[in-house]
Amino acid sequence: MRTLRTIGEARQELQAFRRGRTVGPVPTMGALHAGHLALIEAARSECDAVVVSLFLNPAQFDDDADLDAYPRDEERDAAMAGEAGADFLFAPDPGEIYPPGFQTWVDVEELSRGLEGAYRPGHFRGVATICLKLFNIVRPQLAYFGQKDAQQIAVVRRMVRDLNLDLTVRSIATVRDADGLALSSRNVLLSAAERTAAAALPRALATRDPEAARAVLDGLDVDYVEIADFDPPVLAAAVRVGSTRLIDNVILEEEER
Ligand code: AMP
């Protein structure tokens with residue numbers, strides 16, 4: 001696996017590699033876990049070049065404390081991505097992605113408003129913008145995202161349609177621990193007691209009913225539990241456990257795809 005540090009390097013390497021071959025990015029913020037690896041494996045199974053991006057995108061954090069607390073370990077991430085079959089690790093510097101004077105943003109207006117958008121102002125503007133920048137740099141035919149962030153997938157798919165990007169967004173089923181908790185880079189921030197409390201989140205969602213889910217979450221600090229009319233529709237929730245905020249969802253109409 002080759003590590004690419006600059007936009008120029010990424011363009012040059014991928015252009016040489018492309019020539020009729022399929023390029024598939026897996027956008028991540030690092031602190032990789034088995035959920036990320038499932039995305040990399042899916043990309044590996046259908047792309048010629050798998051590009052894992054490692055970029056803790058400041059533009060999608062509305063809370064400095066959240067950004068500061070986010071776990072970082074590039075060496076470990078690089079080893080895991082390489083082992084899972086990535087060909088390239090794209091790990092650019094924030095200063096190159098957002099140079100002085102940067103002022104152009106992608107706003108997927110309606111889909112960015114509810115759920116996460118209501119609690120994290122500007123979050124999806126940051127997500128959509130970084131995804132468009134990554135797609136412009138990598139020029140992929142396919143891109144891989146986790147169903148765990150269902151609203152993110154809806155936002156990115158809408159952007160792809162609205163801006164006529166020539167690529168397909170793949171959604172990969174949520175990978176969970178034995179207690180049902182969805183894997184997340186933030187789970188390492190939970191104490192043992194918080195971890196036990198957090199396991200109520202998947203149990204609540206498994207009811208597939210907002211009222212029943214609220215009852216299961218009784219005593220936790222709940223931001224929302226709502227049915228979201230995405231494709232496919234989901235029951236989505238966000239809770240705060242101590243100072244860690246966790247999100248999850250289950251598909252309502254069919255098996256996860
Ligand atoms: P992040 O590094 O948290 O931005 O996540 C990068 C990608 O991995 C996103 O598309 C997430 O939806 C996806 N992802 C995160 N956690 C999981 C999980 N437990 N199972 C599957 N995909 C996941």
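The values are calculated or read from the model by the stated rules, or taken from the named source; none is laboratory data. Remember, it's a predicted structure, so these values are computed and weren't measured experimentally. Every residue, glycine as well, gets a Cβ built from its backbone with ideal geometry; the counts of neighbours run over all protein chains shown.
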**Message:** Can you tell me which residue is nearest to the ligand (Cβ to nearest atom) among those in the stretch 37-53 that are without any contact (Cβ under 8 Å) to a residue 40 or more places away in the chain and either touching a strand residue (DSSP E or B) at 6+ places or on another chain (Cβ under 6 Å) or within 19 Å of L246 (Cβ to Cβ) (or both)?
**Reply:** V52
**Residues satisfying the stated conditions in the stretch 76-88, i.e. out of contact with any His (no Cβ under 9 Å at 6 or more places or on another chain) and buried (at least 21 other Cβ atoms within 10 Å of the Cβ)** = A86, D87, F88
**Asked** Which one of these does A206 not meet: (1) surrounded by fewer than 17 Cβ atoms within 10 Å (Cβ to Cβ); (2) without any contact (Cβ under 8 Å) to a residue 24 or more places away in the chain?
**Response** (2)
**Item:** Those residues of the stretch 131-184 which are over 21 Å from V108 (Cα atoms) and near the ligand (Cβ under 10 Å from one of its atoms), in sequence order
**Value:** I172, A173, T174, V175, R176, D177, L181, A182, L183, S184
**Request:** Could you tell me which numbered condition A193 fails, if it satisfies all but one of (1) surrounded by 15 or more Cβ atoms within 10 Å (Cβ to Cβ); (2) under 23 Å from A31 (Cβ atoms)?
**Result:** (1)
**Message:** Please determine whether any residue of the stretch 90-98 is touching a strand residue (DSSP E or B) at 6+ places or on another chain (Cβ under 8 Å) and β-branched (V, I, T).
**Reply:** no
**Request:** Evaluate the following for N187: is it modelled with pLDDT of 95 or more, out of contact with any strand residue (DSSP E or B) (no Cβ under 7 Å at 6 or more places or on another chain) and within 12 Å of the ligand (Cβ to nearest atom)?
**Result:** yes
**Request:** Scan the stretch 1-31 for residues that are free of Cβ contacts under 8 Å to residues at least 60 places away in the same chain and near the ligand (Cβ under 10 Å from one of its atoms) and jot them down.
**Result:** T28
**Message:** Would you confirm whether or not the stretch 133-147 contains a residue that is in contact with an Asp or Glu (Cβ under 7 Å, 6 or more places away or on another chain) and assigned to a loop (DSSP other than H, G, I, E, B)?
**Reply:** no
**Prompt:** From the list R161, R170, R186, which residue is free of Cβ contacts under 8 Å to residues at least 12 places away in the same chain and on the phi < 0 side of the Ramachandran plot?
**Reply:** R161
**Asked** Which of (1) under 19 Å from the mean Cα position of the chain (by Cα); (2) farther than 21 Å from H123 by Cβ; (3) surrounded by fewer than 14 Cβ atoms within 10 Å (Cβ to Cβ) does D231 not meet, given it meets every other one?
**Response** (2)
**Request:** Examine the stretch 173-182 for a residue that is among the acidic types (D, E) and touching a His at 6+ places or on another chain (Cβ under 9 Å), and state whether such a residue exists.
**Result:** no
